[in-house]
1. Need the full-extension length gain, B:Ile136 to B:Gln60, defined as separation in residues times 0.36 nm minus the C-alpha distance. One decimal, nm.
2. Give the cross-link partners of B:Lys414 among the lysines, using a straight C-alpha distance below 26 Å as the criterion and excluding same-chain residues fewer than 8 apart.
3. Over region B:143-250, what portion of Cα pair distances is larger than 24 Å, expressed as a whole percent?
4. How far apart, in nm, are two points set 7 Å out from the Cα along the Cα-to-Cβ line at B:Arg155 and at B:Ala444?
5. I need the phi-derived Karplus couplings for region A:294-311: 6.51 cos²θ - 1.76 cosθ + 1.60, θ = phi - 60°, integer Hz, Gly and Pro marked x.
6. Hey, what angle do you get for helix B:475-486 against the long axis of chain B, alpha-carbon based, 0 to 90 degrees rounded to 10?
7. In degrees from 0 to 90, rounded to the nearest 10, what is the angle of the helix A:47-56 Cα long axis to the longest principal axis of chain A?
8. Between A:Ala318 and B:Val370, what is the spin-label point distance in nm, taking each point 7 Å from the Cα along the Cα→C-beta axis?
Amino acid sequence: MNLLQYWRENTRYGRLATKGILGMNCRNIRYISRHNPRSLYPLVDDKLKTKNLAIEHGVNVPDLIGVIDSQHDVPKIARITDAVPGFCIKPAKGSGGKGILVIDRVVDGVYYKTNGQAISLPDIERHISNILAGLFSLGGKTDFAVVESLIKVDDAFLQFTHEGVPDLRVIVFRGFPVMSMMRLSCASSKGKANLHQGAVGVGISMDSGKAVRAVQSGRPVSHHPDTKQSLGDLVVPQWIAMLELACACYDMTGLGYLGVDLVLDKNRGPLLLELNARPGLSIQVANDAGLLPRLRRVETIKKPEKYPIVERVAYSRAHFAAQSQL
Amino acid sequence: MSKSVSSNRVPLYILVLGLLTAGLFLTFYRHYVFDVPWLPDAKRQIWSIEAKIEFEALGQPVKLSLAVPDSQPGFERVSEHTASPGYGLAFVDEGAKRRAEWSVREASGRQTLYYQVDMLFDQENFDDMVADPPQIETVTYAGPEETAVTQLLQRARSRSADAFTMTRELIAEFNNESQLAQLLVQQKSRERRLVEMLNLAGIPARVVQTLYLEDGRRRQSLVSYLQVFSGEEYALFNPQTGQQGQLANQLLWEQNSGSLLDLVGGRDSRVSFSIIAQEVPASRIYQEKVAHLKNAMDFSIHSLPLEEQTMFKGILLIPVGVLVVVMMRILVGIRTSGTFMPVLIALAFIQTTLITGLVGFFLIVGIGLVIRSYLSRHNLLLVARISAVIISVIIIIAVFSILAYGLGLAEGLKVTFFPMIILSWTIERMSILWEEEGAKEVFAQGGGSLLVAVLAYLVMINPIIRHLMFNFIGLQLVFMALVLMCGNYTGYRLSELRRFKPLVQGN
């Protein structure tokens, strides 16, 4: 007994376990393989399928400009993006934000990326060819390119971002949102919103949408490294609507352990960006909280499918709130 | 709504337990019932050599005679047997000559016969090189041949003191006077000529066929050596270089100047040798030398033909490498590029040895990355680009081999053991990683892969592990159980203890 207590309090392993931090092996065995049937993976691994499914279920998504699915159609890119000010090219089966090219504006046939770097039309065509060949897709399978309209960052987030669009990651377990964080791109992450590439992760309290804690590269931060804005001021607007959108993604896919990436568009409100059947674990570092206690609590709910979205959101807001450390 | 995958773990635990029990039972059974030792013991080393004879039978009576080895200094014959369904077999001892003779009334089509002999290596006995010298046969020469022979013999004699130095000088003369040598080897082989000339000088000598014994070799052939006598003592000479002495792993297969194989009623005959080293308990060898040995071994991989056994010697090690990868990834959390790429690299390291392997790996992958970064500028489709990388890798390997050979570095030739397709994919993945995540991630994953490969290599070359895996097939089940157990581990990886460190600091 004493030995067990010593282990819990004085070894790092024991303290992590006591805090309920979810590890990679446990996530894979207990949650992903148990709650995510393999047959449902294509729904989230293919962005175009996700998009069509979302439209079917009335979930808002960024506007689709076009799809390029063969090498022959690659030159079409100039024509289909002719009428729009900016656009974004994504590999349909990409993972981890790989292969996403964001074109901010087009001036006299020169394309500008969000960081102001100018690239030519052949560069864009080459990028699309790479996408089609499967350079960015899981397992190198052939892929196609999805062209979407740009998202306009909501004013509430303008002070918290450098180049990229900040997004909200929500972990939804059996239909209940359990944990969330904002991912803010910054100069050191080169405009990307992935934590392992140096983006800032901000843990968000589930009751209010207010920031709890922020980390960059595993270390706590209190201000955005580029804009110097205090991260303690960060509050996600339309918080309830965001959570409801996340819950709706569970209903439409049936994936029990799901990572939902949402953005807030200035004009269109909450939009679904993409879904992830294998969401990462860094969200725990951003929140300074373990996932396991929350997952275990949701596991005790019998027949979770009986609860409508509104009740599920209310449940999460009541049980998964956290005090701000900022 | 979510369909849950079976969460009941009991069947898995029963399976693991069953595999462990069965595996350990087989292992202990082999140890206690068949006396297979836990640890390898060099003194009890037995070389099993299998001669595989293949030929095309012509639909007539077939008579086949194969020279077979006898006990000799350093090697004691413990048992021999053959596999030749339908053939009559007799062992013939014509004085010192031993031959196995097969016969059949009628045979047609491709025929395969096996002869296997087990030789016990005996270090103590190895240095007494004594045998009955052969008769001296005098050949008479005429014309230009006579002049050449006389000239060569005269020079060699003037520079030598006894039979062995004479032989060495004669071979040296053969190498120096290439024109004279050319003349002499037109009608008879170099070895035969050397024997004739030594006989002419009054030195008993003969051509012997030797086999280099290396564990796990297949499709080997015999190498001709000169056996030169001084009284009862003899010495072996390499007829090409004149080097004197017998290697500890050199077996005299045929030592009576006879032919290796005589065949009547067939054509296109071929003899190839497979060699394997086995650890067999000494007690068994001395008590029941011949017959029972094979029965005891029948329970295992040892009942297969030797050629297949040598193959299994490598295959049975793979689970060890796989377990290393599984543990490194699941328990430690090292990222590798390509799940089992490290095992394949480790297998290549076994062939090349570690330092050569590492140097080769860095050279190939390094140059490959440079070529790949150039290719990426050309906007190629993926399949074509990887194919180009594969061809580049092959060219790099070929150039290295030629350069290394030219510089006299025989080690360099071993780069051909690397799995080229796997290396190409490694280069492609690392190159993409470089473009997307930067050099740091490339070194992290590349270093991780190499670390795991080196660890797997170190485990796989361990003689005790090799001995256990080859002799106790039950261990395969134990490894299966261990891998299944790892697959069920829900605890933290070592790397996660570092990753999540900020979460428990200062508490």
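Throughout, read-outs are computed from the coordinates displayed, never taken from laboratory work. Every value quoted in this text rests on a predicted model; they were computed, and no experiment measured them. Note that we place each Cβ from the backbone using ideal geometry, even for glycine, and neighbour counts take in every protein chain shown.
1. Length difference between fully extended and current span is 23.5 nm.
2. By straight Cα distance, B:Lys414 reaches B:Lys313.
3. That fraction is 25 percent.
4. 6.9 nm
5. Running phi through 6.51 cos²θ - 1.76 cosθ + 1.60 with θ = phi - 60° gives 5, 5, 5, 5, 5, 5, 6, 6, 8, 6, x, 5, 6, 7, x, 3, 4, 5 Hz.
6. 20 degrees
7. 80 degrees
8. With each label placed 7 Å out from Cα toward Cβ, I get 6.8 nm.
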